[in-house]
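The values are calculated or read from the model by the stated rules, or taken from the named source; none is laboratory data. Note that the coordinates shown come from a computational prediction; the quantities given were computed from them, not determined experimentally. For neighbour counting, all protein chains shown are included, and Cβ atoms are generated from backbone atoms with ideal geometry for every residue, glycine included.
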Amino acid sequence: MIVCVAVVGHQNNPLYIQSFTDADDALKLHHIVHCSLDVVDERVNNPKKSGPTLNETFLGLLYPTENYKVYGYLTNTKVKFILVTTDLDVRDADVRNVSIIVPCIELYYKSMNL
Amino acid sequence: MVDPANTPLGKMLLEEITPVVMVLCTPLVEESCLKNGLSFVQMLSPFCDFTNIDVPVRTASDQPYRLHKFKIRLFYASDIRQPNLEVAKERLKQVITKAGEDDFPEIYSDLPQVNDLLSRHESEILPTWFQFFNKELVRTLSFSDHEAFDHPVACLLVVSSRDEESINRFIDLFNTNKLPSFLSDGAMDPKVLKHYLLVHDNQDGASEKATKILTEMRSTFGPNDCQLLCINSSQDGQTRHKDTPWSTFIKNLMQELSSKHIIPYMEQKIRLLNQQVSSTRKGFRNQFKNLWWRKGKEDALDTTNGPVYTFSSIESQIRVLGDYAFMLRDYELAVSSYRLISTDYKLDKAWKRYAGVQEMIGLTYFMLDQSRKEAEYCMENAFNTYLKLGSAVQQNATRCGLWWIEMLKTRNQIKEAATVYFRICGEDLLHSAVMLEQASFCYLLSKPPMLHKYGFHLVLSGDHYKKCDQIKHAIRTYRNAVSVYRGTTWNLIKDRVHFHIGQWYASLGMYDVAVTHMLEILASSHQSKTSQELFLRDFLHIVQKTGKTFEVLKLQLPVINISSLKVIFEDHRTYASPAAASIKEGVWRSLEEDMIPSLSAKSNWLDVQSKLIPRKYKESNICVAGEANSSNVEPQNDEYKTSTSTGYVWLLSTYMYNAYIYICLYVLMCVYVFTIILSFGRDINSSLVLLEVDFSLEGGETILVQLTVTPRVEGVLTIVGVKWKLSSSVVGLHNFESNSVNKRIAKGRRKPKHSPSADLKFIVIKSLPRLQGFIPSLPEKTYAGDLRHLVLELNNQSKFPVKNLKMKISNPRFLNAGNQSYLNVEFSACLEKKLNVEQSGGHANAKKMLQNVFHFPEDISVQEETSLSWPLWFHAAVPGNISLYITVYYEMENVSSIMKFRTLRMHYNLNFALTFAIYVLPSLDVSFELSPCPSRLEEFLLRMDVVNKTSSECFQIHQLSSVGQQWDVSLLQPVDSILPSQSLFAGQVLSCFFMLKYHRKSSTSEDSNPLFLQSDVRLGPPGNSEALFDVCSSPLADFHDYERLYQGMSCQGNVDFVFITQLWRGNIDSGAPHRPLLFSHHVCHSSLSSFSPISWSVDGPRTIQHNFSASPCGVNLKMTINNSSDAASSVHVKTFDPPSSNSQSIDATASQSGLPLENQAGWFSIPAVNDTKVITTDALAKRITKSVSLESAPQFIWTGSSSTKLKLQPRATAEVPLQICVFAPGIYDLSNYALNWNLAPIEESQGEANKSSGECQGYPYYLTVLQST
């Protein structure tokens, strides 16, 4: 289950954070998203380390926490899409292919009137 | 790469993994030592660390090497056991608590800055107690039985010379059951190296006895293993340690013990063990055998800790071999031993031992500084294995993790170290907190720094600390976290961090700091309502606890919308109301343009002023003493959705006093206050007086607060800022000038370089007269057509009269200045038509309309402290929203006589302006339609359609007037028949017909009294004697002129109507209910020009008796032709005989064909015969037609000229004689003629509506010819 979707601006400022859980864990998810920005920065600054996903906007699994997996996507304008899921056995390809992030990005562009 | 031994981990290992010497001593030994305040072990310990022992060592290999650094650890036998977990925890907790006290940040120290942290060295950032805590944590794991390096290598037996039977005591010491458990339970070889020490206290006397005992000992235990130690050289025990010569004895003793006993013993044991291991385990055969053997053992042993290994088992021996080799720094041997045993333990599923060995392999590799990957792998393996074993070995995992972290840190893998810290966190919250905090510092120190994670781990750590009641630690970590979140828009996190810091400080009773943190979260508009309520409640609670009133520079509750700050002040402009002040300056300017004498008046005054005012104040605004300045400040309470905060807002103002300008002119002091003046004095502080405005704001509410300053004396007034009090405990302060946002000054003269500070600075000049004015009972809402009498009141409260008043009204269609004589008249009665009153003013109006400026009569002035009333007429001309701008211009007299520049001031003109917004509702929709009477000259039928468009009002129709003195209006039928009640109810439609007759001036005699004209028609009931209103005099005439102006172009030949109704109900407005409201509707330019300019009528006999037997009958007719246009025209009258067939058919269409097509819907005069006659004549005519057609001969012919041409001058009439000859009796329609007319072109065009030529068919004219008998 996707518990949180976040759009973070290129200054690492939150543009949109929406959690999909009933529990009062907004703060926690904010922390997780905020925290994952370090990993995004790291991947962006060291593209070698990201290996096969070189030059791709899909950042893949950013980092696994105890209960969540965090995925990231980076647009050309350095806007980040962060996806927090509870599916611990999900594969990168699934996130990419099942088109979870892509519709999010399309919606974002629509909202930007692009 | 640095020497591994010099790295932190290396140092730690060299310190912690060293041979242990077990100390057994008698109570008397302790007693002697305690004289120095030390235990025996404490006394010896400082001498156990040898930096340069320089001992040759040869272990398994033949190659000897030299050992330089060496350390032994001394422990009492009673201490050589696994520490009690609870006690250890308690000790660690104390360490943390103490560290929390020591490391607690200063109350008023600044919050750490990220950049500052990053620029500092690691050692400056990292709290020093981490190292200490980690060491203590590792120590809680001492003396576990699966690790041989904590097993005692030697045993030091100590007996005092005072002890009786010293020799026996030595033996007893070792045989007591005080020995560590693993000596007795077989985990360790009980045959350890023993060393015997006799302690002699010099205070007990000479050492002869001791020497004697020593000799005895040597003979019993061997000569090399016994030593004598003499302590306490001085008698009183007060001597300084430096002077004690016996400290060197101890040093030598320990060095000898190490180099001559312990190290050789270990060497020997290593060689022995190695030999055994080689013989049993090395070589292919042995390995195979071992595997085979272990495989068989596998099924039998299935305990969680694996099999029990006694000291004599080959596994334990290998482990001892490894540990001894490690301690003697033969790392090659150590690692080979560990590797050998590792697989054994793994096969035996002795996981704890396996992990312990893996750990040691990792550390040994590290010390060897080779196969780094392998080292890390081993550490991870060990760590994971420990973790799998559960909470029982959590401490082992912790220690392993800490060593692993140190290893990673040494290799600059700081991020990885952080993750290990994170993984160390177990069930113990307090330890986890410390680990998380250390992890956070790893992220901070990693390159590049990972600040997000730094913050996150600090917050996690803080939460853990909080759960363990380590509030000070929690505050410290959260304070560090602030540095990460400050300045970002991660408000949810940021607010929580500040909130918790505030809360925790409050729980420590440090309310002042708590408040500063709580202040940060007050503007949390994004937070949920519950959060906001929680924040505010806690904040106020804390503030109350402090018992102080805080003054906060940037209190964010409520939010002040600084862009809404507006300072309204009056210089040459004064305002009647704040509403007037908010009108754009341009509107007023355009209105005042032609009223203010010239711009030079203003600029002259300013120029002179600027000579007197230093440059500094040149751009300041000018306001007049005694007049209020208002600041509107708009606080916005958009964050707290329901909570109500009550508070005060006041404007803080100070003044600047400049002696240079004003000292010669005015009094020395100036004080600026709100509406009430309070104090004078030279002391600035005492002259500052504040007025409070009380208001409360609901959540999300925005209100505009207006504050007023009235300067009483001359000087310079500066508006500094605004201050408000939140819930009577927190004072917010907003300094306007500190804000760089450009302030809007409503009326300030805009200059290119307009600094905000200049906007808020005012030069206060001496008091000047100021008119106040208002219009009482001006309706706010009314119906279109409403006509009212209003009074403008001008009030002069100053001591000086003003004169030369002028007034301009923006919209004269709605509001007009009246004549002074109307001031006290009774309304509506004054409008009534009066007999014998000369009509006047009609021409004066034209002038007024041109310039729109109303000049009050010369002799009118407003004297000091009096007021002036002036009548105004109001007419709601059209529906809609109407804004009226009124400016009144006046000049002062005799002001500023004490001033040098008095003459100039004389010409300083103050305007006075009023503005009103009125909403006019639609009322009656009146339209008129005119049709000419076909057979009458210059008579028209007028149809008036009235629709009542109001929703509820009932209008009483009163009067219809035509404007001008050229038209007679008369009712065609009494109003009773159409509208018996004379009331027009809501939605009702009325159509009414009138006859309109042009009253030609030329045709009337010169002395004809215009009053005989029926230009007004009373629409009331016949018996009503109510006077008619005079539409020809002011104000109706004035308003009518404006209406004419607005409703279109004025052209000749048009008629204007004024329709007057009354409304008896006073419910529109609070105006006098007993008087009817008067409504006048002006419809102008009802056009006549669309009709033919030529009209005519045929006069002649209608009935003739003639004897046709005698002769045909000749009839003379007269046609009167009128030219109503302004152009000369030529008219051509043609008559033509009817065709033989159907010429006489009386056809309705034929009779109407003479009219222009577009007027067919109009009104036509029916011949003056009654209905019955028409029918009979019709019947007769048909018959005649029939007969005529049979005879097929015309019954009459036109005689005389069949074509007449004539010229008609403008507005002239001419007569044309016509004659017919009738042959037989009958009724004849004499319409078979036509008029062709041509207008001569005129120089100035009259508009396209006028036709230049046309042809008209004749009107029906019926002639009855009877046979006379």
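Screening residue A:8 against (1) of a type outside the set (Lys, Arg); (2) modelled with pLDDT of 80 or more; (3) closer than 21 Å to residue B:443 by Cα; (4) under 11 Å from the mean Cα position of the chain (by Cα) leaves a single unmet condition, (3).
Checking each residue in the stretch B:81-122 for being under 30 Å from residue B:511 (Cβ atoms), part of a helix (DSSP H, G or I), hydrophobic (A, V, I, L, M, F, W, C) and modelled with pLDDT under 80 picks out B:114, B:117.
Only one of B:410, B:419 is surrounded by fewer than 24 Cβ atoms within 10 Å (Cβ to Cβ), of a type in the set (S, T, N, Q) and under 27 Å from residue A:12 (Cβ atoms); which?
Details: B:410 fails: under 27 Å from residue A:12 (Cβ atoms).
Exactly one of B:410, B:419 is surrounded by fewer than 24 Cβ atoms within 10 Å (Cβ to Cβ), of a type in the set (S, T, N, Q) and under 27 Å from residue A:12 (Cβ atoms), namely B:419.
In this structure, does residue B:369 turn out to be on the phi > 0 side of the Ramachandran plot and among the acidic types (Asp, Glu)? Against the criterion (on the phi > 0 side of the Ramachandran plot and among the acidic types (Asp, Glu)), residue B:369 qualifies.
Among the residues of the stretch A:20-48, write down those that are outside any helix (DSSP H, G or I) and within 11 Å of chain B (Cβ to nearest Cβ). Of everything in the stretch A:20-48, those that are outside any helix (DSSP H, G or I) and within 11 Å of chain B (Cβ to nearest Cβ) turn out to be A:24, A:46. Taking the criterion of being away from chain B (no Cβ under 12 Å) and either under 16 Å from residue A:84 (Cβ atoms) or touching an Asp or Glu at 6+ places or on another chain (Cβ under 7 Å) (or both), the residues of the stretch A:1-19 that qualify are A:1, A:2, A:3, A:4, A:5, A:7, A:18.
Residue-level check: of (1) within 14 Å of chain A (Cβ to nearest Cβ); (2) surrounded by 23 or more Cβ atoms within 10 Å (Cβ to Cβ); (3) under 35 Å from the mean Cα position of the chain (by Cα), residue B:480 misses just (1).
So is residue B:381 within 24 Å of residue B:3 (Cβ to Cβ) and of a type outside the set (Asp, Glu) or not? No; evaluated as a whole, the condition is false for this residue.
Being at positive phi and more than 14 Å from chain A (Cβ to nearest Cβ) narrows it down to one residue among B:390, B:401; which is it? Steps first, please.
On the way: B:401 fails: at positive phi.
Result of the check over B:390, B:401: B:390.
Considering the conditions (1) more than 14 Å from chain A (Cβ to nearest Cβ); (2) part of a loop (DSSP other than H, G, I, E, B), residue B:473 is excluded by exactly one of them, (2).
Just to be sure I understand the filter: pairs with C-beta atoms under 6 Å, separated by 6 or more residues or on different chains, first member in the stretch B:153-165 and at negative phi, second member among the basic types (Lys, Arg). Which pairs pass? Going by the 6 Å Cβ cut-off, the qualifying pairs are B:155/B:194; B:159/B:169; B:161/B:209; B:163/B:169. Among residues of the stretch B:32-54 that are in the same structural domain as residue B:22 (by the TED database), those with a beta-carbon under 8 Å from a residue that is outside any helix (DSSP H, G or I) and exposed (fewer than 14 other Cβ atoms within 10 Å of the Cβ) at least six positions away or on a different chain give the pairs B:35/B:237; B:36/B:237; B:51/B:68; B:52/B:68; B:53/B:68; B:54/B:66; B:54/B:68.
A residue that is at pLDDT 80 or above and either loosely packed, with under 12 Cβ neighbours inside 10 Å or of a type in the set (A, V, I, L, M) (or both) occurs somewhere in the stretch B:131-141. Being within 12 Å of chain A (Cβ to nearest Cβ), free of Cβ contacts under 8 Å to residues at least 60 places away in the same chain, hydrophobic (A, V, I, L, M, F, W, C) and more than 16 Å from residue B:438 (Cα to Cα) holds for only one residue in B:459, B:497, and it is B:497. Close Cβ contacts (under 7 Å, 6 or more residues apart or on different chains) running from residues in the stretch B:310-327 that are farther than 16 Å from residue B:365 by Cα to residues that are polar (S, T, N, Q) and outside any helix (DSSP H, G or I) comprise B:316/B:310.
The single condition among (1) modelled with pLDDT under 75; (2) closer than 18 Å to residue B:1029 by Cα; (3) touching a strand residue (DSSP E or B) at 6+ places or on another chain (Cβ under 8 Å) that residue B:873 does not satisfy is (1). Out of the stretch B:414-455, which residues are away from chain A (no Cβ under 14 Å) and under 25 Å from residue B:375 (Cα atoms)? Scanning the stretch B:414-455 gives B:417, B:420, B:421, B:424, B:435, B:438, B:441. Condition check: at pLDDT 75 or above, surrounded by fewer than 16 Cβ atoms within 10 Å (Cβ to Cβ) and within 12 Å of the chain's Cα centre (by Cα). Does residue A:75 satisfy that? Here the answer is yes, as residue A:75 does meet what is asked. Checking the stated criteria, residue B:58 turns out to be in contact (Cβ under 8 Å) with a residue 12 or more places away in the chain and surrounded by fewer than 16 Cβ atoms within 10 Å (Cβ to Cβ).
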